[in-house]
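The values are calculated or read from the model by the stated rules, or taken from the named source; none is laboratory data. On a predicted model such as this, the values are computed, not experimentally measured, just so you know. Neighbour counts run over all protein chains shown; Cβ positions are idealised from the backbone, glycine included. Ligands, DNA and RNA are excluded from the accessible area calculation, which covers all protein heavy atoms including side chains. Shrake-Rupley method; radii C 1.70, N 1.55, O 1.52, S 1.80 Å.
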Amino acid sequence: MTDGPMTADNALAVARDVLERAPLIDGHNDLPWVIRIDRAARGDVAAYDLTRVRERADTDIPRLRDGLVGAQFWAAFQPTSTPHPARTTLEQIDLIRRIEEAHPDVFLPARRAADYARAKAMGRIASFIAVEGGVGLENSLSPLRIWHAAGMRLMTLCHNETLDWVDSATDAPRVGGLNAFGRAIVGELNRLGVVIDLAHTSHDAMRRVLDVSEAPVALSHSNAYSLCDHPRNTPDDVLKRLKANGGLVMATFVPGFVSQPLRDWLRRSRNGYGKGPAVADPKAQMAEPETRQGAAPKASLEQVADHIVRLVETAGLDHVGVGSDYFGGASPTGLEDVSRFPYLFAELVRRGFSERDLEKMSSKNMLRVLRRVEAVGVSLRRTRAPAIGELEDYPGA
Ligand SMILES: [Zn+2]
């Protein structure tokens with residue numbers, strides 16, 4: 001705990017100190033999709049130009065530097081309904097690799113936990129590839145190994161829709177959380193040394209994965225359900241199981257997952273989120289400034305800090321991190337862009353967290369998860385053959 005009363009400037013100085021020693025590992029950023037759909041750039045990294053501050057966006061190199069980001073998990077995301085999911089996943093992995101190649105002086109392609117320290121020593125940002133949504137598997141196990149070979153080190157099992165093998169938090173359940181084919185995917189990710197990400201899965205899917213995963217899991221962008229009852233957030237029983245599993249939950253900034261008043265407001269609005277199987281994109285809804293109900297309540301940096309305090313109380317200090325989910329849209333007041341991380345940590349200083357606590361949350365907890373997942377993969381690859389086949393090959397699926 002810190003001593004005595006803390007002025008705003010003191011707290012910010014302490015936060016910057018911590019983040020310079022232990023730069024942030026951010027669990028989730030959707031910049032690759034932002035570059036893909038940008039009308040001018042259309043997926044061209046050079047044309048998008050990450051070297052300048054883009055006032056209307058939230059992520060660029062100058063502000064990643066200001067934000068003291070030491071490692072970024074970039075999402076190779078595709079909507080579940082994308083016409084060519086297998087191709088689109090590869091295109092988004094390729095886009096992340098093109099970000100790395102376009103800025104070799106800024107980003108270090110990171111494929112192991114040890115690359116975090118290597119990047120720090122070189123004054124660079126470790127760039128990790130995360131696939132968000134398993135729709136691109138097209139119900140085959142083979143792509144997992146190709147994605148891994150291309151650099152994937154974390155996989156978010158699904159997005160806003162239930163797949164044939166895993167239930168989504170924001171869709172009707174169809175497979176009791178996770179079916180036999182889903183278990184095969186979990187086993188193969190364990191074998192490959194890829195972090196399994198339970199953000200976006202249903203609460204039952206979280207429980208089923210925790211039953212079978214041989215390695216720690218992550219919830220790369222997810223808050224405390226007990227503070228904001230959006231189904232994307234994590235229930236207490238799952239948070240408590242992270243201790244035995246060794247995994248972590250990474251607090252996120254998506255306004256509708258932060259603020260209960262905003263959550264209630266969105267629920268009342270037409271296209272109410274989470275009411276049926278055909279849900280609208282929650283992020284698109286966040287971008288709507290107002291409807292007939294009047295202006296939406298705002299989420300705030302302080303509310304994100306509330307979630308972090310609650311996550312620590314429930315999961316334990318060794319099991320909490322930060323996964324911003326900057327996606328080029330709405331964000332809480334005070335957390336407008338990637339330069340704002342030190343302000344969040346300053347608020348955590350004011351909440352009484354020690355510098356050691358903050359280093360755990362900024363990076364050490366996720367590094368432990370990455371190292372453990374790597375070690376489990378090494379040992380499983382010695383004894384277990386690659387899982388092959390497709391959905392139909394798994395009885396009960
Ligand atoms: Zn997401």
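Side notes on the structure shown:
- Applying 0.36 nm per residue to the separation of D229 and D164 and subtracting their alpha-carbon distance, the gain on full extension is 20.8 nm.
- Semi-axes of the equivalent ellipsoid of the range 134-235 are 21, 14, 12 Å, computed as sqrt(5λ) over the eigenvalues of the C-alpha gyration tensor in descending order.
- Per residue value of the accessible surface for the range 327-380 (all protein chains in place, 1.4 Å probe), Å²: 35 Å²
- Rounded to 5, the percent of DSSP beta bridges in the chain classed as antiparallel: 15 percent
- Measuring nothing but protein heavy atoms, the accessible surface of the chain at 1.4 Å probe radius is 51 percent carbon and sulfur.
- Averaged per residue, the range 53-189 has 34 square angstrom of accessible surface, using a 1.4 angstrom probe with ligands and nucleic acids left out.
- Cβ-derived FRET efficiency at R0 25 Å, A13 paired with A102, nearest 0.05: 0.15
- Helix-only CD estimate at 222 nm, as mean residue ellipticity for the chain, using -39500 (n - 2.57) per DSSP H run (n ≥ 4): -12000 deg cm²/dmol
- Note on the range 68-114: Kirkwood radius taken over Cα pairs, Stokes-Einstein applied at 37 °C and 0.692 mPa s, translational D equal to 271 µm² s⁻¹.
- Placing R0 at 45 angstrom, the Cβ-Cβ distance between A172 and D44 gives a FRET efficiency of 0.75 after rounding to 0.05.
- Counting 0.36 nm for each residue step from I37 to T383 and taking away their Cα separation leaves a gain of 120.3 nm.
- P(r) tail fraction, the chain - alpha-carbon pairs more than 40 Å apart, %: 9 percent
- Area accessible to solvent at M250, 1.4 Å probe radius, in Å²: 0 Å²
- P(r) for the range 102-164, from all Cα pairs and a bin width of 10 Å, is 21, 39, 26, 13, 1 %, short bins first.
- Across K240/K364; K298/K364; K298/K360; K120/K240; K120/K243; K120/K298, pairs whose alpha-carbon gap is larger than 25 Å: K298/K364; K298/K360; K120/K240; K120/K243; K120/K298
- Most mobile listed residue (A86, A40, A218) in the chain, GNM with C-alpha springs under 10 Å: A40
- Highest GNM mean-square fluctuation among L141, L219, L198, for the chain modelled with Cα contacts below 10 Å: L141.
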